[in-house]
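Chemist: Take this structure, written in structure tokens, and hold onto it; I'll ask about it next.
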Amino acid sequence: MRHFPTLVSEEAADYVGRVRVLSPEVAHRIAAGEVIERPASAVKELIENSLDAGAGRVEVEIEDGGVALIRVSDDGSGMSPEDAGRAVTEHATSKIRTADDLASVISLGFRGEALHAIGAVSSMTLTTRRRGTEGSLGARVRVFAGEVVESATASHPPGTTVEARDLFLNLPVRRGFLGTVRAEANAVATVVESLALSRPEVGFFLRSDGRRSLALPAAADLRERISQVHGLSLARSLVALGDPVVWGFVSPLAISFPTRRYLHVAVNGRVVEADSFAPAVARAYADLLPKGRHPAAFLRLELGPGEVDVNVHPAKSAVRLRGGRSAYPLVVGTIRSALAQEQEIGGGAPPEEGGAGLTLIGQFAGRCIIAQEGDELIVLDQHGAHERILYERLSRNPRAEATTLPSPVVARLPEDLAPEVWNFEVEMQALGFRFEPFGEGAVRISGVPETVTDPETALLAALHALAGGEDLAKALACKGSTRFGENLSKEEMEALLKEWSETTFREICPHGRPIVKRLTLVDLLREFGRI
Ligand SMILES: Nc1ncnc2c1ncn2[C@@H]1O[C@H](COP(=O)(O)OP(=O)(O)OP(=O)(O)O)[C@@H](O)[C@H]1O
Ligand SMILES: [Mg+2]
């Protein structure tokens with residue numbers, strides 16, 4: 001461990017917080033672009049600085065949606081007067097030095113750009129005092145529209161306050177593009193909430209036009225922070241993800257929302273645009289939620305700093321995994337197994353050895369299978385149950401061998417699909433379809449996936465799904481499955497029950513609809529007025 005003599009001048013002491021101006025070569029390597037677009041972007045930058053400085057508490061105050069005033073105070077490391085003076089200049093940062101450092105950034109900031117950018121478009125005052133310099137004064141630096149107009153000593157508790165007044169004072173056009181005061185204030189609140197979700201252990205407070213708009217004291221963990229931000233009932237219901245690389249929380253199957261409002265992603269502690277993770281989350285729930293419904297997902301990815309490229313977007317809101325890796329399969333897989341586990345614990349009676357606890361009673365109206373499971377009477381939607389079985393079979397083994405048809409079937413293709421069939425030939429082959437051109441607008445099918453009973457309908461369904469970017473397994477499961485109103489033999493029903501009881505998400509069909517109704521004797525006796 002190194003010990004510094006107490007009375008060394010700051011220039012000699014190589015302490016971590018020291019701000020340097022990046023060389024033009026390094027500065028050049030940094031994704032450039034608009035840093036401050038609206039008050040919320042300035043608030044984001046200032047809070048990130050506070051977090052990088054190790055703050056335990058961040059207070060934000062805005063007036064007029066942040067246009068008249070933004071003030072962010074923290075109790076972090078603070079800066080020496082020399083650093084404060086340099087921090088407001090262009091490309092000045094304590095967080096990286098060389099281009100190589102860009103490969104393993106662990107702080108939220110790294111461009112040395114934010115304070116300079118805010119100072120360039122406002123009347124900005126930075127007041128700070130370094131932690132551990134008790135008894136001495138701090139520093140104040142004032143910048144007006146990009147010009148440093150004052151550097152002085154000032155008193156300040158350990159930590160930093162940055163105040164930006166009159167945002168875009170020199171850019172009237174930009175100011176004209178801003179939303180209403182309310183819209184800008186809401187955007188600021190969203191940014192504060194979002195950053196707060198990424199750091200539960202830090203307290204966040206927001207005042208807007210003198211009124212307290214958010215109060216999020218330091219929380220014990222992510223679940224508690226979610227509870228502070230989105231309410232106890234959502235937080236309590238969430239299912240924990242159990243992977244060392246992808247952790248966090250997602251909503252259980254019974255809870256969904258009409259929008260993607262509850263999607264929040266942080267990679268190595270950095271909040272990133274959740275949109276890029278939306279497809280993976282949607283995939284994980286594709287066969288579990290009804291159309292138009294979305295889950296809640298608070299995802300945390302923990303990768304080595306060298307595995308993530310943060311220098312992708314000027315607003316630092318996107319990251320890229322190095323080596324062309326994709327987080328997609330990992331995210332989908334982690335969510336699926338957490339949901340499957342939750343289903344086992346919470347969803348109905350677990351099947352005993354190979355579904356032995358399930359006894360067939362009979363069929364009702366050619367649509368439902370009635371059975372007994374443990375001490376419950378169950379009514380099963382046979383179409384939905386069959387779809388669930390086929391869906392899970394197809395998803396497990398999408399590259400199924402083709403079953404050769406006893407005699408080939410000619411399928412006419414509708415005009416809009418005729419050209420698609422050759423665009424998706426490879427995918428169709430992989431699914432187990434075998435076909436060849438058969439004159440204008442038709443194909444001759446010689447093989448189909450194992451689950452398919454009606455080759456023509458299945459081929460068209462698969463094509464439709466591929467052309468529309470839909471879930472193939474879902475489309476095929478639906479088209480291949482037992483129709484409503486079909487009488488099944490006892491053996492068929494028993495086979496269906498057995499396979500259904502072994503599916504993972506057996507309570508819902510791949511369209512997200514419930515397929516089981518359960519009744520206990522107590523339910524019935526209550527109904528009959530016997531208890
Ligand atoms: N709240 C703060 N507490 C302590 N030091 C700070 C604070 N804000 C800024 N600094 C110091 O000022 C430097 C410049 O800040 P600035 O936000 O401009 O750049 P950065 O955070 O290094 O990179 P980026 O532009 O990506 O945010 C930081 O590197 C840091 O050393
Ligand atoms: Mg910064």
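Coordinate-derived values only; no laboratory data. None of the values given here were measured: they were computed from a predicted structure. All Cβ positions, even for glycine, are placed from backbone atoms using ideal geometry, and neighbour counts span all protein chains on display.
Chemist: Testing the spin-label approximation: label points 7 Å from Cα along Cα→Cβ at Thr89 and Asp454. State their distance in nm.
Modeler: 7.6 nm
Chemist: Return one quarter of the surface area of the convex hull spanned by the alpha-carbon atoms of the stretch 20-214, equal to its mean projected area, in nm².
Modeler: Mean projected area for the stretch 20-214: 10.7 nm², to one decimal.
Chemist: Now for a different question. Among 34-40, 285-291, what's the highest-first ranking by average C-beta atoms within 10 angstrom per residue? Please list the in-between numbers first.
Modeler: Numbers: 34-40: 20.9, 285-291: 17.7.
Highest mean packing first, the order is 34-40, 285-291.
Chemist: Something else: What's the local net charge at Glu342, with K and R +1, D and E -1, over the other residues with C-beta under 14 Å away?
Modeler: With Lys, Arg at +1 and Asp, Glu at -1, the neighbours total +1.
Chemist: Arrange the peptides 167-178, 259-270 so that the one whose residues have, on average, the most other Cβ atoms within 10 Å appears first.
Modeler: The densest-packed peptide leads the list: 259-270, 167-178.
Chemist: Hey, another quick one. Just to be sure I understand: of the beta bridges DSSP finds with both ends in the stretch 266-377, what percent are antiparallel, rounded to 5? Don't skip to the end; give the middle numbers.
Modeler: Numbers: 12 of 14 bridges.
The answer is about 85 percent antiparallel.
Chemist: What FRET efficiency comes out for the pair Asp64/Ser337, r = Cβ-Cβ distance, R0 = 45 Å, nearest 0.05? Don't skip to the answer; put the middle values down first.
Modeler: Working: r = 48 Å, r/R0 = 1.07.
It comes out at approximately 0.40.
Chemist: Once the Cβ-Cβ distance between Ala31 and Glu224 is put in as r, and R0 is 30 Å, what FRET efficiency do you end up with, to the nearest 0.05?
Modeler: E between Ala31 and Glu224, to the nearest 0.05, is 0.30.
Chemist: Between Arg165 and Ala495, what is the spin-label point distance in nm, taking each point 7 Å from the Cα along the Cα→C-beta axis?
Modeler: Label-label distance for Arg165 and Ala495, simple model: 8.1 nm.
Chemist: Here is a follow-up. Using 7 Å Cα-to-Cβ label points, what is the Ala99/Val149 separation (nm, one decimal)?
Modeler: Output for this residue pair reads 3.9 nm.
Chemist: Residue by residue through the stretch 282-296, what is 3J(HN,Hα) from phi via Karplus (6.51 cos²θ - 1.76 cosθ + 1.60, θ = phi - 60°)? Round to whole Hz and write x for glycine and proline.
Modeler: 4, 4, 4, 9, 3, 9, 10, 10, x, 3, x, 10, 10, x, 9
Chemist: Subtract the Cα-Cα distance of Arg396 and Leu488 from 0.36 nm times their separation in residues, and report this length gain in nm to one decimal.
Modeler: 30.5 nm
Chemist: Using +1 on the beta carbon of Lys and Arg, -1 on that of Asp and Glu, and nothing else charged, what's the dipole of the stretch 349-520 about the Cα centre, debye to 20?
Modeler: Working: 17 positive and 28 negative charges, 39 e Å.
I would put it at about 180 debye.
Chemist: Of Phe438, Val319, Leu289, which is farthest along the charge dipole of the chain in the positive direction, counting Lys and Arg as +1 and Asp and Glu as -1 at C-beta?
Modeler: It is Val319.
Chemist: What's the extension gain from Leu360 to Arg175 if we count 0.36 nm per residue and subtract their Cα-Cα distance?
Modeler: Taking Leu360 through Arg175 to full extension adds about 59.6 nm, to one decimal.
Chemist: What is the sum of charges, Lys and Arg at +1 and Asp and Glu at -1, for the other residues whose Cβ falls under 11 Å from the Cβ of Ala318?
Modeler: Charge balance in the 11 Å sphere: 0.
Chemist: Let me ask something else about it. Counting only DSSP beta bridges with both residues in the chain, what percent are antiparallel, rounded to the nearest 5?
Modeler: Antiparallel: roughly 90 percent of the beta bridges in the chain.
Chemist: While we're looking at this one, here's another question. Taking R0 as 45 Å, what's the FRET efficiency between Arg293 and Ser136 from their Cβ-Cβ distance, rounded to 0.05? Display every interim value, and only then the final one.
Modeler: Numbers: r = 58 Å, r/R0 = 1.29.
FRET efficiency, Arg293 to Ser136: 0.20.
Chemist: Right, next: Note down the net charge around Gly78, summing +1 for each Lys or Arg and -1 for each Asp or Glu among other residues with Cβ under 11 Å from its Cβ.
Modeler: Values: positive: Arg129, Arg130, Arg131; negative: Asp74, Asp75, Asp83.
Summing Lys/Arg as +1 and Asp/Glu as -1 gives 0.
Chemist: Next up: Which loop GluC sites (Glu not before Pro) in the stretch 358-425, with loop taken from DSSP, have no more than 11 other Cβ atoms within 10 angstrom of their Cβ?
Modeler: Filter output for the stretch 358-425: Glu401, Glu415.
Chemist: By how many nm would the segment from Ser23 to Tyr328 grow when fully extended, if each residue of separation counts as 0.36 nm and the alpha-carbon distance is taken off?
Modeler: 106.1 nm
Chemist: Taking the Cα centre of the chain as origin, sum charge times position over the Cβ atoms of Lys and Arg (+1) and Asp and Glu (-1), and report the length of that vector in debye to the nearest 20.
Modeler: Roughly 1040 debye for the chain.
Chemist: When the helix-only estimate is applied to the chain (DSSP H runs of n ≥ 4, each -39,500 (n - 2.57), divided by the residue count), what is the mean residue ellipticity at 222 nm, nearest 500 deg cm²/dmol?
Modeler: Result for the chain, helices only: -9000 deg cm²/dmol.
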